[in-house]
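Quick note: the coordinates plus some simple rules give every number you see, no bench work behind them. Model, not experiment: these values are computed from the prediction. No Cβ is skipped: glycine too gets one built from the backbone with ideal geometry, and neighbour counts run over all protein chains shown.
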Amino acid sequence: MQAESYTLEFRGVSLGIVTRKDSDFPNLWGSFTPLLADDHPEIRDRIEHYRQYSVDADRLMETAFSQWEASVNENDSEFLDLMECDDWFLVDPSGNKHGILIPIFTQEGLVWRWNPGL
């Protein structure tokens, strides 16, 4: 499979480069390289807070499942606005936007699903 690269966008803000590595329906995954920029600090700070939470949750799921469950039950509601919106996109090199559900940041990169509603 040839690696496909995209720009991860949230509400029109470019957050980083995603390179698809593999998939197992309905999930796709790959590497994530954050873009360092100063524009839209509120959005960038919010997404970075979610990214750190998501990576930590991934680590807990792998090492301490009961702690992962407790963390998710306690903290997921903090990110409902990000989870329940249609503002996540992967933009291909041609500029075409492909809607995705909220990505899951992991220790290895990123996991996503296409948003069938977009």
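Just a few scattered comments:
- Full extension of the chain segment joining Ile17 with Glu4 gains 3.6 nm, where the gain is 0.36 nm per residue of separation less the Cα-Cα distance.
- Each residue of region 99-105 was assigned a 3J(HN,Hα) from its phi angle through the Karplus curve 6.51 cos²θ - 1.76 cosθ + 1.60 (θ = phi - 60°); the sequence is x, 10, 6, 3, x, 9, 7 Hz, with glycine and proline shown as x.
- Extension reserve of the Ala64-Asp92 stretch, reckoned as 0.36 nm per residue once the Cα distance is removed: 6.4 nm
- Note that region 90-96 has calculated 3J(HN,Hα) couplings of 10, 9, 7, x, 7, x, 6 Hz, one per residue in order, obtained from phi through the Karplus relation 6.51 cos²θ - 1.76 cosθ + 1.60 (θ = phi - 60°); glycine and proline are x.
- Remark: the Ser31-Ile43 segment gains 2.2 nm on full extension, using 0.36 nm per residue and subtracting the alpha carbon distance.
- The C-alpha atoms of the chain define a longest principal axis, and helix 65-75 lies at about 70 degrees to it.
- Kirkwood Rh in Å, taken over all unlike Cα pairs in region 1-60: 12.8
- Residues with amide H under 5 Å from that of Gly16, placed H, sequence gap 5 or more: Leu8, Leu35
- Packing-based exposure ordering (other Cβ within 10 Å, fewest first) of Leu110, Leu36, Leu101: Leu36, Leu101, Leu110
- For the chain: span of alpha carbons on each principal axis (Å, largest first): 43, 35, 28
- Residues Ile102, Ile47, sorted so that the one with the fewest Cβ neighbours within 10 Å comes first: Ile102, Ile47
- Compared with the dominant Cα axis of the chain, that is its longest principal axis, helix 41-63 is turned about 50°.
- For region 19-32, backbone phi angles converted through the Karplus equation (6.51, -1.76, 1.60; θ = phi - 60°) give residue-by-residue couplings of 10, 5, 10, 6, 7, 8, 2, x, 8, 10, 8, x, 8, 9 Hz, Gly and Pro being listed as x.
- Three-way shape call for region 48-90 based on the alpha-carbon gyration tensor, with the a/c threshold at 1.5: prolate
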